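The values are calculated or read from the model by the stated rules, or taken from the named source; none is laboratory data. What you see is a predicted model; the values in this text were computed from it and never measured. Quick reminder, even Gly has a Cβ in these numbers, built from the backbone with ideal geometry, and neighbours come from all protein chains shown. To get the accessible areas, we keep the full protein, side chains included, count just its heavy atoms, and leave off ligands, DNA and RNA. Shrake-Rupley method; radii C 1.70, N 1.55, O 1.52, S 1.80 Å.
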Amino acid sequence: MKLLDIFPNTRTDQLQRILSDKFAWINQDKKGFLRYRALLQQVAHLRASSCDFSADMVCIGTATDLSLDEQQTVHQVLRSLMPWRKGPFSVFGIEIDAEWRSERKWNRIIPELPDLTDKVIADIGCNNGYYMFRMASHRPAYILGFEPYVHHYYAFHTLNTFAHQENLGVELLGIDHLPLFPESFDVIFCLGILYHRPSPIEALRDLHVALKPNGTLFIESQAIPGREPVALFPETTYAKVPGTWFVPTASCLHNWLTRTGFNKVRLFHDHAMSSAEQRRTSWMTFESYEDFIDNKNPALTVEGFPAPRRVFFKAVK
Ligand SMILES: C[S@@+](CC[C@H](N)C(=O)[O-])C[C@H]1O[C@@H](n2cnc3c(N)ncnc32)[C@H](O)[C@@H]1O
């Protein structure tokens, strides 16, 4: 599917220039990103006989779809795409136990979903597309994933080469590119992104611009506990993550949403983070949640800040 057919309001020439600049940069291979494309090319001829996106584990194909040699190649390609942050997946019977048990986040959202059938949807910071595959079982018209990281972009495209879902696409775009898509989406998911933005207000304004009138926004964010409408602004890191800017309380995020023009703003879920949800696995072998938290007091991060909660909001334009 061509982006321009789906998004008639899009600033076409600007978008094309941005994307072709990105690919020109990848082609220079200064950061070695061409290795991800090479991995995709190794398996680009393989197709899954069936997919199941309706359960916690996203299933793409079965072991019997492939010869033994092909199975080994796919296994090696998937291992080379480590670390896997979001999942779980079963790819031709190979189970990927990702760092995040993303099905938990999605199961909290399911009861709040509007009818996604025939809708045009954006998933901002979609990573490898785990949630996009879950949304695909609702038969949307099209889902566009915004993901500026080349590794995640190729992880998605490798999975979708197998799954062959033509109404799913990921582009090398960030949240800041949303103004190129004015009034384009019926539903936008912005999960786990806002605290990574130096200006959360600008990010919310960009989300507002890209929603169609009456469109629905789902925001999920890290949050600190407390009733006051305030945000924590760490000097360097929060829970060891350097790219963290503002970590709001739930009431602070509520106010950000109302003051950037959203209506019917509603907190529908709030929970403490835990290492049951984010942990080191054989598919993500670096530090994870338990390393970010004070081992003598799990109510604090290693920096001595309040340990993170996760808050879920639904709002309408
Ligand atoms: C904390 S993860 C959240 C992933 C997923 N949405 C979730 O909730 O599980 C942040 C994601 O945003 C992506 N990202 C980084 N910079 C971004 C930007 N400027 N705009 C959109 N996404 C970005 C990262 O590559 C990563 O996949």
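Among the candidates Pro213, Pro182, single out the residue that is more than 12 Å from the ligand (Cβ to nearest atom) and assigned to a loop (DSSP other than H, G, I, E, B).
Among Pro213, Pro182, only Pro182 is more than 12 Å from the ligand (Cβ to nearest atom) and assigned to a loop (DSSP other than H, G, I, E, B).
So which of Lys105, Lys119 is under 19 Å from Met284 (Cβ atoms) and charged (D, E, K, R)?
None of the others qualify; the one that does is Lys105.
Could you say which residue among Leu253, Leu232 is of a type in the set (A, V, I, L, M), within 23 Å of Pro111 (Cα to Cα) and either touching a residue at least 24 places away in the same chain (Cβ under 8 Å) or away from the ligand (no atom under 16 Å from the Cβ) (or both)?
Answer to the check: Leu253.
Say we look at region 134-162 and pick out the residues that are more than 16 Å from Ala48 (Cα to Cα), of a type in the set (Phe, Trp, Tyr) and crowded, with 21+ Cβ neighbours inside 10 Å; which of these is farthest from the ligand (Cβ to nearest atom)?
Of everything passing the filter in region 134-162, Tyr154 is farthest from the ligand (Cβ to nearest atom).
Could you list, in sequence order, all residues of region 277-306 that are open to solvent by less than 50 Å² (accessible area, probe 1.4 Å), under 23 Å from Trp106 (Cβ atoms) and not in a strand (DSSP E or B)?
Glu277, Trp283, Ser288, Tyr289, Phe292
So Asn127 fits all but one of (1) open to solvent by less than 40 Å² (accessible area, probe 1.4 Å); (2) touching a His at 6+ places or on another chain (Cβ under 6 Å); (3) on the phi < 0 side of the Ramachandran plot; what number is the exception?
Looking at each condition in turn, Asn127 falls short on (3).
Search region 252-276 for residues being touching a Lys or Arg at 6+ places or on another chain (Cβ under 7 Å) and assigned to a loop (DSSP other than H, G, I, E, B), and hand back the single one that is farthest from Arg101 (Cα to Cα).
Looking at residues that are touching a Lys or Arg at 6+ places or on another chain (Cβ under 7 Å) and assigned to a loop (DSSP other than H, G, I, E, B), I get Thr260.
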